[in-house]
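Q: Below is the structure I would like to discuss, written out as C-alpha cells.
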Amino acid sequence: MTTAVFTPETVSRLAAARHVADAVLFEGYVLYPYRASAAKNRLRWQFGVLVPPAWSARCEEHDFQRTECLMEPRAGAALAVEVRFLHAQRRTVQRATMDGGFETVRELDLEDRVLVPWDEGVEERVELTVPVAELAGEGVAVPFARPSREETEPVLDREGRTVGRLLRRREEITGVVRLSAAELEGPYRAMRLTAVVENTGDWMPQPGGDRDAALPYSLVASHLLLCLDRGSFLSMTDPPEWAKGAVAACRNLHTWPVLAGEPGRTDLVLSSPIILEDHAAIAPESPGALYDATEIDEILALRTAALTDEEKREARGTDERAAAVIELADTMPAEVLERLHGAVRSLREVTGPAPHEDPFADGHGTARPDTPWWDPGGDTSVDPGHDRVTVDGVPVGAGSRVVLRPGRRHSDAQDLFLHGRTALVEAVLHDVDGGVHIAVTVEGDPGADIRREQGRFLYFQPDEVEPLETV
C-alpha cells in the first residue's frame with residue numbers, strides 16, 4: 001500500500017543525497033551579477049522545467065520526465081520516492097500611498113536595498129513509499145496537487161514605518177507520479193524500475209502568451225530521489241558486464257539517474273535533469289551556494305565582492321538568496337577565499353599522504369610544503385617589493401605610476417581595453433630565465449584592493465609600460 005510517511009532511517013539516508021540535489025534544484029536560480037535587471041536573469045530556469053501539457057504542445061519544453069534504472073531489491077523491499085521541484089512564486093512590489101492604500105510600482109528604493117518584481121522559487125516535495133511487490137504490471141499512479149496561494153508582506157523602513165508591501169502569488173499545480181517495475185529476462189534477479197513524473201495541469205495559454213506566463217503552472221528544476229530500504233541499484237554509467245545490455249535498453253527522457261550519497265552506497269539514486277557522475281559531491285572548499293551555472297566559486301566570489309554599492313543594493317532587493325551571496329562575498333575571510341584557488345584530488349587518491357605527514361595540518365585540507373617557494377632570507381638576490389627596473393631611463397618599482405602600452409606581442413585580447421590606462425606598480429619580479437615582469441593594479445579598478453590583498457596582479461614586461469614619474 002502506498003504511503004507518504006518516511007521512516008527515520010529513510011529520512012536520514014535521503015538527507016545524505018540532498019546536498020547535491022539542492023545544487024540541482026537551484027542551478028541557475030539567479031546568475032551573476034545577481035540582479036533582476038541583468039539580461040541573463042530575464043530568462044529564468046533552464047533545467048528540468050515540466051510545463052503544462054497545453055504549453056508543451058506549442059514549444060520545445062516537456063510536460064514529463066521518464067527515469068529507468070536497474071535495481072536488485074530483496075524480499076519485502078520498499079521503495080521511497082521523493083519528487084522535488086520549485087514552485088514559481090510571482091512577487092509584485094507595491095508602494096504605500098497617502099490615503100492608506102497601495103500602488104504597484106517597478107521598484108521600491110530603500111536605504112539598504114532596491115525591491116523589484118521577481119519570480120521567487122518555493123521548494124516543493126512529493127513524498128511516497130510503496131512496496132516493490134506493488135510495482136509489477138501497471139504499477140501505481142499517485143496524483144498530487146499544490147494549491148494556489150496569495151500572501152502579503154509589509155515593507156518597513158529603518159524607523160519601522162510601513163512604506164510598501166510585497167504581494168506574492170502562487171498558482172495551482174497538479175501532477176502525477178507513475179511507478180512500475182519489471183523483472184529482467186535471464187538468470188539475474190534484477191528489475192527495471194520506471195518512474196515518470198508528469199505535469200497534468202489544465203492551464204491554457206492565452207493568444208500571444210509566452211513562456212513567462214506558463215512558468216507559475218510548471219514544475220521547475222524537477223528531479224527524483226529514489227531509495228531502497230532493502231537491496232541496491234546498479235550504476236547506469238558503470239554497470240557490471242552482465243547488465244550493460246539491459247542498461248542500454250533503458251529509456252531515460254529529460255533526466256538521468258546516478259548513484260547518490262556516500263561513495264560505496266548503492267541504495268540511493270538521484271535522477272537529475274543535469275547529467276552528473278555517480279556519487280557526485282559538493283567540493284568541501286565551497287563556502288556556499290552561488291547558483292550560477294557551471295559556477296567557479298573563486299571567480300564569482302571576487303567579482304561579486306567587486307560590485308558597486310548600488311549594484312549590491314539591487315541584488316539584495318532581488319531575492320533573499322541573492323542577498324545571501326552578497327553577504328557571503330563581503331564577509332568571506334581571506335583564508336577561505338584562498339582555498340577556492342584550486343585543489344588536486346586525483347594525486348592524493350593515487351599517492352596518499354607522505355609518511356608522518358598530516359595533509360590537514362593547516363586546518364583547511366591543504367598540505368603545506370616544508371619551505372616556501374621563495375625564502376627572503378635564503379635568496380637575497382631578489383626582493384619583489386623593493387627591486388627596480390629601468391624604463392626609458394627612469395627606475396620603476398613598487399609605488400611607481402605607469403601608463404600601460406600592451407599589445408606588442410598580441411598575447412591577450414584584453415590588451416585593447418588596457419591600452420592607455422594608468423596603473424600602480426606593486427612589485428618587480430625576475431623569472432629563472434632572467435626575464436623581468438612588472439606586477440600592477442589598474443587605477444580606478446573597483447577590485448584593486450581585493451587583487452592587492454590576494455596578490456592577484458596583472459603582469460607586463462618593461463617595454464609595455466611608460467613611467468609617469470620618478471621614484
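Q: Can you find a residue that is closer than 17 Å to residue 386 by Cα, assigned to a strand (DSSP E or B) and within 32 Å of the chain's Cα centre (by Cα) anywhere in the range 458-465?
A: Yes, there is a match, as at least one residue in the range 458-465 is closer than 17 Å to residue 386 by Cα, assigned to a strand (DSSP E or B) and within 32 Å of the chain's Cα centre (by Cα).
Q: Of the residues 222, 180, only one is in a strand (DSSP E or B), under 20 Å from residue 46 (Cβ atoms) and open to solvent by less than 40 Å² (accessible area, probe 1.4 Å); which?
A: It is 222.
Q: Checking the condition buried (at least 18 other Cβ atoms within 10 Å of the Cβ) and under 26 Å from residue 262 (Cα atoms), which residue from 85, 64 passes? Write out each step before concluding.
A: On the way: 64 fails: under 26 Å from residue 262 (Cα atoms).
Residue meeting the stated conditions: 85.
Q: Further, regarding this structure: From the list 82, 60, 27, 111, which residue is acidic (Asp, Glu) and in a strand (DSSP E or B)?
A: None of the other options fit; the residue is 82.
Q: Go through (1) in contact with a Pro (Cβ under 6 Å, 6 or more places away or on another chain); (2) modelled with pLDDT under 80; (3) open to solvent by less than 80 Å² (accessible area, probe 1.4 Å) one by one and return the number of the condition residue 353 breaks.
A: (3)
Q: For residue 197, all conditions in the list (1) under 27 Å from residue 63 (Cα atoms); (2) in contact with an Asp or Glu (Cβ under 6 Å, 6 or more places away or on another chain); (3) among the aliphatic types (A, V, I, L, M) hold save one; what is the number of the exception?
A: (2)
Q: What is the residue count in the range 57-81 for residues that are of a type outside the set (A, V, I, L, M) and without any contact (Cβ under 8 Å) to a residue 60 or more places away in the chain?
A: Counting residues in the range 57-81 that are of a type outside the set (A, V, I, L, M) and without any contact (Cβ under 8 Å) to a residue 60 or more places away in the chain gives 1.
Q: Something else now. Say we look at the range 1-14 and pick out the residues that are modelled with pLDDT of 80 or more and surrounded by fewer than 12 Cβ atoms within 10 Å (Cβ to Cβ); which of these is farthest from residue 260 (Cα to Cα)?
A: Pass one, the range 1-14, residues modelled with pLDDT of 80 or more: 8-14.
If we keep only those that are surrounded by fewer than 12 Cβ atoms within 10 Å (Cβ to Cβ) as well, we get 8-9, 12.
Values: 8: 18, 9: 16, 12: 13 Å.
Here the answer is 8.
Q: Looking only at the range 15-59, filter to residues that are aromatic (Phe, Trp, Tyr) and touching a strand residue (DSSP E or B) at 6+ places or on another chain (Cβ under 8 Å); which one of those is farthest from residue 301 (Cα to Cα)?
A: Just the residues of the range 15-59 that are aromatic (Phe, Trp, Tyr), to begin with: 26, 29, 32, 34, 45, 47, 55.
Checking which are touching a strand residue (DSSP E or B) at 6+ places or on another chain (Cβ under 8 Å) leaves us with 26, 29, 45, 47.
Details: 26: 18, 29: 17, 45: 22, 47: 24 Å.
By that ranking, first place goes to 47.
Q: Here's another thing I want to ask about it. Scan the range 383-409 and report the pairs whose first residue is assigned to a strand (DSSP E or B) and whose second residue is acidic (Asp, Glu), with Cβ atoms within less than 7 Å and a gap of 6+ or a chain change.
A: That search, which allows pairs on different chains as well, returns 397/387; 401/469; 402/466; 403/466; 404/464.
Q: Further question on the same structure: From the set of residues in the range 109-129 that are more than 27 Å from residue 217 (Cβ to Cβ) and of a type outside the set (Ser, Thr, Tyr), which is surrounded by the most Cβ atoms within 10 Å (Cβ to Cβ)?
A: Narrowing the range 109-129 to residues more than 27 Å from residue 217 (Cβ to Cβ): 109-114, 129.
With of a type outside the set (Ser, Thr, Tyr) added as a condition, the list becomes 109-114.
On the way: 109: 14, 110: 17, 111: 7, 112: 11, 113: 18, 114: 21.
Result: 114.
Q: What are the residue pairs meeting all of these: first residue in the range 270-292, first residue under 19 Å from residue 65 (Cβ atoms), second residue of a type in the set (S, T, N, Q) and modelled with pLDDT of 80 or more, Cβ atoms under 8 Å, and 6 or more apart or on different chains?
A: Close Cβ pairs satisfying both conditions: 271/65; 271/67; 271/252; 271/255; 272/255; 273/65; 273/222; 273/255.
The values are calculated or read from the model by the stated rules, or taken from the named source; none is laboratory data. On a predicted model such as this, the values are computed, not experimentally measured, just so you know. All Cβ positions, glycine included, derive from the backbone under ideal geometry; neighbour counts span all protein chains shown. To get the accessible areas, we keep the full protein, side chains included, count just its heavy atoms, and leave off ligands, DNA and RNA. Shrake-Rupley method; radii C 1.70, N 1.55, O 1.52, S 1.80 Å.
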